């Protein structure tokens, strides 16, 4: 856990934004963002590679939907399910940190690979093994690839696109109630206050098309919690829903930390699903 950051406020404030001021992030803010990316504390080993890059204010990167601001990051990862889910966890930590500094962000899984290769020359070796026009193609090239990207920018307050008006007013707050996400007859009343708090933050995680694929299994003593998609979940247009499960797991882990609860974290693949398991230990002093 990183001290000095109001993670709860960042989770509540976080919105997916698609309308930006076309100006660079302040140098001091960008330096802090890059520093955090290199040292963020996560409870597992991973090989997620965060690559910062600059883009011109044209619509080639995101198609005709978004004019990109100058500053961005790509989350480079192998495309097995566990690596993808870890990218969701790591990426969301960075996005929440950016939110805490007043920056606007958005997870983008669909973008022009051809344009990204121009903006990130170190990806040239991957060009031969990846399709050029979409990020969610099937297949698993041996190298890491950009599974998602995000801008880092300042939200444009005037002239917001209709999507952002709807998202700000409705979609960003429209989450399934916790009772619909709990498995095996577990009720909110049976949860300890710490677990209930962490699960409430977890259910507020963003997901592709607001699909909210996650389900929560809680042991009778509330000391074992798992987060995963339901068995047999059918994928639609978004090919990497396990990334969203990692995002949800990030919110849950942060919630536990905010309550001073330590946990052992494990990640396994079961029936094509990334399953995050949290074994709760004890509270620790937060000073």
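The values are calculated or read from the model by the stated rules, or taken from the named source; none is laboratory data. Model, not experiment: these values are computed from the prediction. Here the Cβ is made from the backbone with ideal geometry for all residues, glycine too, and neighbour counts use every protein chain on show.
For the stretch 55-91, which residues satisfy the criterion of being touching a helix residue (DSSP H, G or I) at 6+ places or on another chain (Cβ under 7 Å) and more than 26 Å from residue 250 (Cα to Cα)?
Within the stretch 55-91, 55, 60, 61 meet the criteria.
Among (1) touching a residue at least 24 places away in the same chain (Cβ under 8 Å); (2) farther than 26 Å from residue 202 by Cβ, where does residue 31 come up short?
Failing condition for residue 31: (1).
Hey, does the stretch 22-38 have a residue that's at pLDDT below 95 and touching a helix residue (DSSP H, G or I) at 6+ places or on another chain (Cβ under 8 Å)?
no
Residues of the stretch 173-184 being within 20 Å of residue 198 (Cβ to Cβ) and either assigned to a loop (DSSP other than H, G, I, E, B) or modelled with pLDDT under 90 (or both), which ones?
173, 175, 176, 177, 181, 183, 184, listed by residue number.
Of the residues that make up the stretch 41-50, is at least one farther than 25 Å from residue 253 by Cβ and either out of contact with any helix residue (DSSP H, G or I) (no Cβ under 9 Å at 6 or more places or on another chain) or touching a residue at least 40 places away in the same chain (Cβ under 8 Å) (or both)?
No, that holds for no residue.
So, in the stretch 227-250, how many residues would count as being touching a strand residue (DSSP E or B) at 6+ places or on another chain (Cβ under 8 Å) and part of a helix (DSSP H, G or I)?
6
Somewhere in the stretch 35-58, is a residue assigned by TED's automatic domain parsing to the domain that holds residue 158, part of a helix (DSSP H, G or I), within 18 Å of the chain's Cα centre (by Cα) and within 22 Å of residue 208 (Cα to Cα)?
Looking through the stretch 35-58, none of the residues is assigned by TED's automatic domain parsing to the domain that holds residue 158, part of a helix (DSSP H, G or I), within 18 Å of the chain's Cα centre (by Cα) and within 22 Å of residue 208 (Cα to Cα).
Being surrounded by fewer than 19 Cβ atoms within 10 Å (Cβ to Cβ) and under 20 Å from residue 93 (Cα atoms), is that true of even one residue in the stretch 238-258?
Yes, the conditions are met somewhere in the stretch 238-258.
Determine whether residue 75 is part of a loop (DSSP other than H, G, I, E, B), modelled with pLDDT of 95 or more and surrounded by 14 or more Cβ atoms within 10 Å (Cβ to Cβ).
No.
State the number of residues belonging to the stretch 78-104 that are in a loop (DSSP other than H, G, I, E, B) and touching a strand residue (DSSP E or B) at 6+ places or on another chain (Cβ under 6 Å).
Total meeting the criteria: 1.
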